[in-house]
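Here the structure comes first, spelled out in structure tokens, and everything after it is commentary.
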Amino acid sequence: MDYLSIIFDQVYKILFLLIPVLVSVAMIVWLDRRVWAFVQKRQGPNVVGPFGLLQSLADALKYIFKEMIIPSSSNKVIFILAPIVTMTLALIAWAVIPFGATQVLADINVGILYLFAVSSLGVYGIIMGGWASNSKYPFLGAIRSAAQMVSYEVSIGVIIINVLLCVGSLNLNDIVIAQKNLWFVIPLFPMFVIFFISALAETNRPPFDLPEAEAELVAGYQTEYSGMMYAMFWLGEYANILLMCAMGAVLFLGGWLSPLEIYPFTLVPGAIWLILKILLLFFLFALVKAIVPRYRYDQLMRLGWKVFLPFSLIWVVLTASFLFYFNLLPTN
Amino acid sequence: MIVHSIFFYTFSLIAIISAIMVTASKNTVHSVFFLILDFISISCLFIMIGAEFLGMIMLIVYVGAVAVLFLFVVMMLNVAQQKNQWFAAKDSSKHIPIGLIISTLIFVEIIIVIGGWKYKPEIFDLNNSLTQFSLSNTHSLGQILYTDYIHVFQISGMILLVAMIGAIVLTFRQRAGVKRQSYIKQISRERAEGVEVLEVETNKGVRIDE
């Protein structure tokens, strides 16, 4: 009976986390399209519901009732597995995101490594989908995406090392608490910029959306997908984007901490602050999509390997020497 | 404890079955996917014995990077047609003795190491230095790796660097007649050298790009 109550307790907590995440993914799609439209002086989706808020719901219904087409020459098991993998990986990472000092599903010692591992596994959904479709365009998209995500992971890893040097712990809550006096966005501002750009590349957002570049590859790895499976890719992609925003918020913007530790701000619960920071980062993501043209593939690779990697490595050396020289290295 | 052993046997069963499937499956891409499953279940086992740092590094390095490159290479070779020709070939029986010798060697080595560790634990003095249980295993790994074993650690890093440089040297070739983009050249171009107004005579034309 003990085990059963533990299981029920955990399932309740997981549902309490996942359902808001899924709903906010649907809302964030609407927000993305709205921001994109306003930059281009359009209205965007504004018909279904107030301000078009229910547009994503209508889209989801449309996808559910559409036929799922599985190409006859595809590798069927992997073809069906691919969107499931994308979706699952995008959701399991939320387990370690802290919404408050105690409001975290799994407060593990190696939280940041877990986040990094799960986000680097995200490439499998795309590779599996692209390969199993057994078609030229999805395959090219998958190959591009594999190279791109492996390249930008490296610089994200080095940026995480920068933050870890200042914290001295791999636990996400410790990372948040270490920013109590000064958010890391101020001393590590160049790293924040590089993290933001690498996050764009890691989630295949414009200007790095080469895996699904519609002018060259139809829709990249999603070309052969339809109906609910396409919707799952789509949801997984946006859940990943939200996750990257949450990671940026935790690493650089102080997570659930309020911007000023004075009276009116401390009334607001930490979860609200975290959500506001995630939304701010997502707004930047949406703006970048609207205002920047797509990179060429060789420029993308050059940026990742020849600019970001050396720069963030040098910054690691600088951070480490600064902390060492002024005796600021965290000890515990 | 029962739950612990249930999870342990589940993960190890998955690990062993997927390791067998890596060699047994006909499609090479499927083999790589089974290899990934194997890595993941082994990292779950690492996490179960409390080595969470090793488990996560296993996921990041092997699953997140190495296996992606495996897939990359295997998918580039058109393996859909050549479903394991290696086993279908006539002279494949030649390789069996060599394989047997190598696998027996590896088996004996594992027996020696695990037997020694089980029956004479004092030989492995690393055990004694690891017994600071108040620290998380990330901390204790770091303390051992960067103090007692710093030279070994540095040398392994150097070996990896040399291997990387070697791979680059092997694949790098300078081809003649390839037009490359130079960003500095592009940016520092001025109107005077970019645009030229010519008087073109009728039926003569001009030659550009000289």
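The values are calculated or read from the model by the stated rules, or taken from the named source; none is laboratory data. The structure displayed is predicted, hence computed values, not measured ones. Virtual Cβ from ideal backbone geometry, glycine too; neighbours counted across all protein chains shown.
Conditions tested, residue by residue: (1) within 22 Å of A:Gln179 (Cα to Cα); (2) among the basic types (Lys, Arg); (3) over 19 Å from the mean Cα position of the chain (by Cα); (4) at pLDDT 90 or above.
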site	(1), (2), (3), (4)
A:Tyr63	no, no, yes, no
A:Glu67	no, no, yes, no
A:Pro71	no, no, yes, no
A:Ser74	no, no, yes, no
A:Ile78	no, no, yes, no
A:Ala95	yes, no, no, no
A:Val104	yes, no, no, no
A:Leu121	no, no, no, no
A:Tyr124	no, no, no, no
- Task: Output the number of the condition that A:Val123 fails; it satisfies all remaining conditions of (1) in contact with a Cys (Cβ under 9 Å, 6 or more places away or on another chain); (2) facing chain B (nearest Cβ under 10 Å).
- Result: (1)
- Has the range B:7-23 got at least one residue that is more than 25 Å from A:Met128 (Cα to Cα), at pLDDT 80 or above and within 14 Å of chain A (Cβ to nearest Cβ)? yes
- Task: Might you check whether a residue that is assigned to a helix (DSSP H, G or I), touching a residue at least 24 places away in the same chain (Cβ under 8 Å) and within 10 Å of chain B (Cβ to nearest Cβ) occurs anywhere in the range A:84-103?
- Result: no
- Could we say that B:Val63 is among the aliphatic types (A, V, I, L, M), farther than 26 Å from B:His4 by Cα and at pLDDT 80 or above here? no
- In this structure, does A:Gly130 turn out to be within 12 Å of chain B (Cβ to nearest Cβ) and touching a helix residue (DSSP H, G or I) at 6+ places or on another chain (Cβ under 9 Å)? yes
- In the range A:133-146, how many residues are facing chain B (nearest Cβ under 9 Å), touching a helix residue (DSSP H, G or I) at 6+ places or on another chain (Cβ under 6 Å) and either surrounded by 24 or more Cβ atoms within 10 Å (Cβ to Cβ) or not small (Gly, Ala, Ser) (or both)? 2
- Note on the structure: When every residue in the range B:24-41 that is touching a residue at least 24 places away in the same chain (Cβ under 8 Å) and outside any helix (DSSP H, G or I) is compared, the one nearest to the other protein chains (Cβ to nearest Cβ) is B:Asn27
- Could we say that A:Ala178 is surrounded by fewer than 22 Cβ atoms within 10 Å (Cβ to Cβ), within 15 Å of A:Gly254 (Cα to Cα) and either touching a Lys or Arg at 6+ places or on another chain (Cβ under 7 Å) or more than 12 Å from chain B (Cβ to nearest Cβ) (or both) here? yes
- Query: Could you say whether any residue in the range B:42-49 is aromatic (Phe, Trp, Tyr) and touching a residue at least 24 places away in the same chain (Cβ under 8 Å)?
  - Reply: no
- Within the range B:126-149, how many residues turn out to be in a loop (DSSP other than H, G, I, E, B), modelled with pLDDT of 80 or more and away from every other protein chain (no Cβ under 13 Å)? 3
- Task: Would you confirm whether any residue within the range A:22-43 is under 22 Å from A:Thr88 (Cα atoms), surrounded by 12 or more Cβ atoms within 10 Å (Cβ to Cβ) and polar (S, T, N, Q)?
- Result: yes
- Message: Every residue in the range A:48-69 that is touching a helix residue (DSSP H, G or I) at 6+ places or on another chain (Cβ under 7 Å) and surrounded by 15 or more Cβ atoms within 10 Å (Cβ to Cβ), please.
- Response: A:Val48, A:Gly52, A:Leu53, A:Gln55, A:Ser56, A:Leu57, A:Ala60, A:Tyr63
- Task: Pairs only if they're at least six apart or on different chains, beta carbon under 7 angstrom, first in the range A:128-144 and touching a residue at least 24 places away in the same chain (Cβ under 8 Å), second in a helix (DSSP H, G or I) and among the hydroxyl-bearing types (Ser, Thr, Tyr); list them, first residue then second.
- Result: A:Gly129/A:Tyr221; A:Gly130/A:Tyr221; A:Pro138/A:Tyr221; A:Gly141/A:Tyr221; A:Ala142/A:Tyr221; A:Arg144/A:Tyr297
